[in-house]
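Structure first, commentary second.
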Amino acid sequence: MDQEDQDRDRDQEQEQELDRARAAPLVRDALPALAAELVRLLEEEGERELAICAHDLRIIADCGCGDDFCQSFYTERRPTGPYGPGHRNVPLFADRGYLILDVVHGRIMFVEVLDRPELRPALTAALAPAPAPSLTPARAAAEAGASPGPVGGAEGEHPGP
């Protein structure tokens, strides 16, 4: 594989990643109370720019740890290693549980949510794959390569005038 092919493959992978991110659910839709709480707490901490960003966060992936007390999620692509330079934690003083943000160069990458089990069902639902669209008989036949047949009896028997 030459460099041009590698570049094309990398570009395609990046485009697919962007498509998945654009399709990911917004936190404000899946977990509206949490989204509002994040915005409020960030403003209280003087993190105005992050508060603005928090309004448009998307749920990209579950943290994957499997712990019952964890409802954490990625809002950007999961890193392959440590976040590195430009990373900081932003602890928020929630009324209950723990909220800690991983921020890299002003971008919220991960929302650590602990001891908020009531969020798990909505988070799980938000990350569930979308159901396949239901097919009408005509569309199913068309996708199978068959003719959909007569529409509305157009080719059926007609009693005549």
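No lab work stands behind these numbers, since they all come straight from the coordinates. Computed from a predicted structure; not experimentally measured. For neighbour counting, all protein chains shown are included, and Cβ atoms are generated from backbone atoms with ideal geometry for every residue, glycine included.
List of remarks:
- Mean sequence separation of contacting Cα pairs (under 8 Å, at least six apart), scaled by the length of the range 50-123, corresponds to a relative contact order of 33 percent.
- The distance between label points at residue 56 and residue 90 comes to 1.5 nm (points 7 Å beyond Cα on the Cα→Cβ vector).
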